[in-house]
Amino acid sequence: MHTASLLALAGLAGTVQAISFEQVQRIKAQEAIPRWKIEALRAQALRNTPPDAATASAWRALDAQTDPQVGKAPLEQVAAARDEDELLTNASWLRWRILSENADARFSFVYAAQLSRMRDEQGNFDQEATIFYFHAKLALTLDGMRCSDRTKAEHLSSWYAQQDDLQALAQKSSRMPAAEKSAAILEAIAIEEMLGERPPMGWLCPRRGADDNSGPARYLNDTEWRKYRADQLEQLTRNAMRDL
């Protein structure tokens, strides 16, 4: 499992000269986003050539229980890995779904929790777990804002915040040095910008009328939502760069 380095901007923390928004955007475009594109290709290559037959079978079984159109996903099963081998198998599948298939925010929440439980010879994966935790929150905010009725998105946000692994991760992130936390947020933004927008999700946006033609519109107007998404990504970038 690859542990992504923080944005190159973290190395500029503490310098005398302030970092400009244009510098942040340039480093994001030239370094962070290309790096995550490479990670997406690596995840896809691993999915195409599983390390063994058992892993291939496990991934096929998880795929069979997944349908983005209706929000079907075996995330409770994935989260309940019984041993380290199953944890790695499930985490690799989640990484592929997120980076190569642009899975919804729930996958990033579960992946962040999985990473927080994993260890290797270099230590833990808390740094990358924090990045995907921030990405999960960002993706759910953006996708939820597409709904005229945001109760489902708000419920999911509250529910995941109450999970033990994610509570511990949130506490760790709150204790991070400001520059490291900001760099992790910028990495999450880079992931989201690399992936691009997800389609409207009926399972996330409840229908408020008896049918498609009654009651308020189910989704925000596409043009309005895309402006909101772009503005939100820019504002979050500007907020994060202040602590670099």
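The values are calculated or read from the model by the stated rules, or taken from the named source; none is laboratory data. Model, not experiment: these values are computed from the prediction. Here the Cβ positions follow ideal geometry from the backbone for every residue, glycine too, while neighbour counts run over all protein chains shown. For the accessible areas, the whole protein counts, side chains as well, though only heavy atoms, and no ligand, DNA or RNA atoms are used. Shrake-Rupley method; radii C 1.70, N 1.55, O 1.52, S 1.80 Å.
Per the conditions (1) farther than 25 Å from Cys205 by Cβ; (2) open to solvent by 10 Å² or more (accessible area, probe 1.4 Å), the sole criterion not satisfied by Arg106 is (1). Of all the criteria given as (1) in contact (Cβ under 8 Å) with a residue 12 or more places away in the chain; (2) open to solvent by 50 Å² or more (accessible area, probe 1.4 Å); (3) aromatic (Phe, Trp, Tyr), the one not satisfied by Phe134 is (2).
Within the stretch 118-149, the set of residues being out of contact with any strand residue (DSSP E or B) (no Cβ under 8 Å at 6 or more places or on another chain) and basic (Lys, Arg) comprises Arg119, Lys137.
All conditions in (1) in contact (Cβ under 8 Å) with a residue 60 or more places away in the chain; (2) more than 19 Å from Leu233 (Cβ to Cβ) hold for Ala113, with the sole exception of (1).
One line per residue, one yes/no per condition, for (1) assigned to a helix (DSSP H, G or I); (2) modelled with pLDDT under 95; (3) over 17 Å from Ile185 (Cα atoms); (4) open to solvent by 30 Å² or more (accessible area, probe 1.4 Å):
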site	(1), (2), (3), (4)
Ser5	no, yes, no, yes
Leu9	yes, yes, no, no
Val16	no, yes, yes, yes
Val24	yes, yes, no, no
Pro34	yes, no, no, yes
Ala40	yes, no, yes, no
Leu46	yes, no, yes, yes
Ala56	yes, no, yes, no
Leu62	yes, no, yes, no
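Scanning the stretch 101-128 for residues that are part of a loop (DSSP other than H, G, I, E, B) and over 18 Å from Lys181 (Cβ atoms) returns Asn102, Ala103, Asp104, Met118, Glu121, Gln122. Among the residues making up the stretch 64-88, those that are part of a loop (DSSP other than H, G, I, E, B) and open to solvent by less than 80 Å² (accessible area, probe 1.4 Å) are Gln65, Thr66, Gly71, Ala73, Pro74, Ala80, Ala81. Only one of the listed residues (Glu154, Glu86, Glu101, Glu121) is modelled with pLDDT of 95 or more and over 18 Å from the mean Cα position of the chain (by Cα). That residue is Glu86.
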